[in-house]
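Visitor: Okay, handing you the structure first.
Values in this text are rule-based calculations from the coordinates and carry no lab data. Bear in mind that the values here come from a model prediction, so they are computed numbers and not experimental data. In this analysis, Cβ positions are derived from the backbone assuming ideal geometry, glycine residues included, and neighbour counts consider all displayed protein chains.
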Amino acid sequence: MQDYLQRYSFPKALIIFILAQLLGTGLALGLVKIAPGLASLPGVGLEILRGVPALLIIIFFWLEMVAKKVNYSQSLGQVFERITRFDVVALALFNLAIGILSILVILYGIQFFSPSSLKDALSAQPSSLIGLLVAGIMATIIAPISEEIVFRGWLFNALKRKLKLWPALVLSSISFSAIHPSLSSITTFLFGLCVAIAYYKTENLWVSIIIHALNNFLISAQSIIEHVLIQRGLVDGATDFNQTALMLGVPGLLLTISLGYYLVKQRQFFNLRVPLYP
């Protein structure tokens with residue numbers, strides 16, 4: 001599958017991406033119109049709009065590989081030939097911990113230095129359990145596959161053919177961050193960069209898909225568990241911010257330092273001249 005991705009035409013990939021967004025959005029709006037009750041649940045309608053175009057990309061890519069007899073199953077079986085299972089988990093947890101820390105820093109600034117109007121505008125929108133479950137499925141299965149196809153399989157390989165390695169890694173990661181507007185776009189960029197490096201050093205798209213899926217699963221699971229505990233009255237939804245920062249920030253900082261040391265010093269993850277072998 002790697003040879004197939006490296007030769008993939010970028011103009012063709014761009015056309016597929018645009019068509020998937022247009023057709024997928026139309027199908028999603030039609031689905032919302034047919035099932036207004038489902039779409040009225042908080043969070044569900046937005047996930048349908050996000051998910052259908054992504055699903056179309058996956059379907060088209062899979063059909064094309066089947067038609068051209070590209071052996072993607074072999075690549076899946078070779079996932080841990082150039083990276084260990086511990087490294088995969090370490091990368092996902094490393095990025096998750098950095099994300100927690102960066103979000104807490106940003107929220108701290110909003111909490112203590114921003115006007116109340118900005119706090120209200122940036123406050124989390126309410127969601128339902130079904131909405132969170134749908135979002136979890138999209139984030140854990142659909143998004144990692146479609147986004148890794150687009151940003152690592154298509155875009156990074158296309159940039160690598162035209163540019164030097166680091167510019168290709170950085171530009172593909174900036175593009176990945178651009179479609180994920182959030183409180184911490186820098187964190188999303190760093191995550192995209194780590195995943196791109198893992199893909200480059202293993203030459204296996206399934207590696208970046210698995211890291212991406214694991215990272216999103218952990219985030220989604222936390223949101224679902226928190227929602228259930230709040231609904232059942234087991235957790236106070238208005239927990240003091242300082243207490244939340246202490247509960248999440250200290251473990252997040254320790255995890256970032258320990259995993260960062262392991263990845264940078266022991267595994268030389270960011271040294272692109274050193275391959276990742278078990």
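Visitor: What list do you get for Trp62, Trp206 if you sort them by fewest beta carbons within 10 Å?
Guide: By the 10 Å Cβ count, ascending: Trp62, Trp206.
Visitor: Also: Past 20 Å, Cα to Cα: identify those pairs from Lys12/Lys201; Lys12/Lys33; Lys12/Lys164; Lys69/Lys160; Lys201/Lys265, in the order given.
Guide: Lys12/Lys201; Lys12/Lys33; Lys12/Lys164; Lys69/Lys160
Visitor: I need Ile257, Ile83 ordered by Cβ neighbour count within 10 Å, fewest first.
Guide: Ascending Cβ contact count within 10 Å gives the list Ile257, Ile83.
Visitor: Per-residue HN-Hα couplings for the range 258-263, Karplus 6.51 cos²θ - 1.76 cosθ + 1.60 at θ = phi - 60°, whole Hz, x for Gly and Pro?
Guide: Each residue of the range 258-263 in turn: 5, 6, x, 4, 4, 5 Hz.
Visitor: By how many nm would the segment from Leu22 to Leu129 grow when fully extended, if each residue of separation counts as 0.36 nm and the alpha-carbon distance is taken off?
Guide: In short, 35.7 nm is gained.
Visitor: Phe269: net charge of surrounding residues, Cβ under 14 Å, Lys/Arg +1, Asp/Glu -1, itself excluded?
Guide: Taking every other residue near Phe269 into account, the sum is +4.
Visitor: In units of 2.2 N^0.38 Å, what is the alpha-carbon radius of gyration of the chain?
Guide: 1.06
Visitor: Which ³J(HN,Hα) values in Hz, rounded to whole numbers, follow from the phi angles of the range 62-78 under the Karplus curve 6.51 cos²θ - 1.76 cosθ + 1.60, where θ = phi - 60° and Gly and Pro get x?
Guide: 5, 4, 5, 5, 5, 4, 8, 6, 7, 8, 6, 5, 5, 4, 5, x, 9
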